[in-house]
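Nothing in this text is a laboratory measurement; each read-out follows from the coordinates by a stated rule. Since this is a predicted model, take the numbers as computed values, not measurements. When we count neighbours, we look across all protein chains shown, and the Cβ atoms used for this are built from the backbone with ideal geometry, even at glycine.
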């Protein structure tokens, strides 16, 4: 690995956890359900970039592309289910706060 | 070296856009900025020699997910100002979150600098011959396809259950 690649590698290894942490911070500091889902999306973006980085620097991007595609599909399914839940919660409580979900029974 | 500057610029844009997406006052603008994050991530994926993943990212994450977000926000119509003021998190929780973030960043920097990580191990089977993405999907990781199909079916089932009307609902 030459000097430029090493700088690039370290840069990606530092930035991808940062994206994950930005998403985590969003989840920890909000009670709006949509904002929480946005945080989860940003966390998955960080993981996607980390997969792509590992594929690029190990010279095998074709394998990591599979993982990225699987992850995107999982991401879409999560968002679709979350969207259904959000719509139902908004209909029931007329609010998007996570405080209301604590009142659920069962 | 010019390539390095492009990478740095794109990563800077991704981080800045994601910070604005999580901290914006209006949720709908946050969702649109999330689409921007996906767009920049897809450019980075193209530059990291992952064109199929970039195409998926651009079409699904930047397109479909943004559309779903905007439609959910417009259906639920969240009240912006009052709701946001009521649901504010206390300051000490934010401080705890910030401290944990600084701790994780410190651990990452320590691992990278002190342990001198400068390589990623290559899989033994993967290094044998030149392989395309098509080969790796259909020959090497074909079990993943079953998992993907199951996940999609789970999503369809969940949507059907979630949007089913109750007995007393008209």
note = Ordered by fewest other Cβ atoms within 10 Å, a rough proxy for footprinting exposure, A:24, B:162 read B:162, A:24
query = Can you give the angle from 0 to 90° between the axis of helix A:33-57 and the longest principal axis of chain A, with both taken from C-alpha atoms, to the nearest 10?
reply = 10 degrees
message = Suppose we look only past 21 Å in the calculated P(r) of the stretch B:1-100. What percent of the Cα-Cα pairs does that tail hold?
response = 48 percent
query = Does the stretch A:3-93 classify as rounded, prolate or oblate by the C-alpha gyration tensor (a ≥ b ≥ c root eigenvalues; a/c under 1.5 gives rounded; else a/b over b/c gives prolate, otherwise oblate)?
reply = oblate
remark   = The extension gain from residue B:70 to residue B:109, computed as 0.36 nm times the residue separation minus the Cα-Cα distance, is 10.3 nm
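Once the piece of chain linking residue B:163 and residue B:148 is laid out straight, how much longer is it, given 0.36 nm per residue of separation minus the C-alpha distance between them? Mind showing how you got there, number by number?
Working: separation 15, 0.36 × 15 = 5.40 nm, distance 2.26 nm.
Stretched fully, the residue B:163-residue B:148 segment lengthens by 3.1 nm.
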Residues B:134, A:45 arranged by fewest to most Cβ contacts within 10 Å = B:134, A:45
request  = For the protein assembly as shown, just list the percent of Cα-Cα distances falling in each 10 Å bin from zero outward, please.
outcome  = 6, 26, 32, 23, 10, 2, 0
remark   = Most exposed first, judged by fewest Cβ atoms within 10 angstrom, A:50, B:64, B:153 run B:153, B:64, A:50
query = Under the rule of -39500 (n - 2.57) per DSSP H run of 4 or more residues, summed and divided by the residues of chain A, what mean residue ellipticity at 222 nm is obtained, to the nearest 500 deg cm²/dmol?
reply = -28500 deg cm²/dmol
